[in-house]
Amino acid sequence: MGLFDFLKSKNKKNKQEIETDSFFEDMKKQMELLKNEEGTELEELPNGKGEFGFSADNPIPLSSIPASREYLEKLVYIKPGSSQYSWKRVGSTRSNIVNSPVDIYSLLDTEPKVVKTIYIWPYNKIDSKKAPDGFGLMDI
């Protein structure tokens, strides 16, 4: 600590904090741009192809990555004899119906073995309340 450090403003951010803030602001702007270009206010994308939620060409439309996590926490497997499961993001893929990436999540049982693969598109204007076949959404 220098002799005159008390004169420095305590609100000054270092270069790394400024760059991080700038990065997150840029990401936020990019997300809003994608939502405005392709996002809808529908529970399911109107041009979806394949089984809802189980196809990259008919992903679950949600409004953000945090909304994806919340959705997955509420998702329950309703088939008889089903056990608890966890989920893991395994990457992203391209789709024939939207220009932005579609996220891929594996639903894993307790062994862990993949139960299902779910596709989520986190650039919609609203969060879908629709669940893929064989699943429900619980209220938390």
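Quick note: the coordinates plus some simple rules give every number you see, no bench work behind them. Bear in mind the structure is a predicted one, so any value in this text is a computation, not a measurement. Quick reminder, even Gly has a Cβ in these numbers, built from the backbone with ideal geometry, and neighbours come from all protein chains shown.
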Which residues in segment 105-130 place their backbone N less than 13 Å from a point set 7 Å from the Cα of Ser86 along the Cα-to-Cβ direction?
106-114
Could you give the length gained by full extension between Lys49 and Glu111, i.e. 0.36 nm per residue of separation minus their alpha carbon distance, to one decimal place?
19.2 nm
Whole-number Å³ per residue for the convex hull built on Cα positions in segment 37-137:
86
Number of Lys pairs (Cα under 17 Å; 8 or more positions apart or on different chains) in segment 37-137
11
Under the 0.36 nm per residue contour assumption, what length would be gained going from the current alpha-carbon distance of Ile126 and Met138 to full extension?
2.5 nm
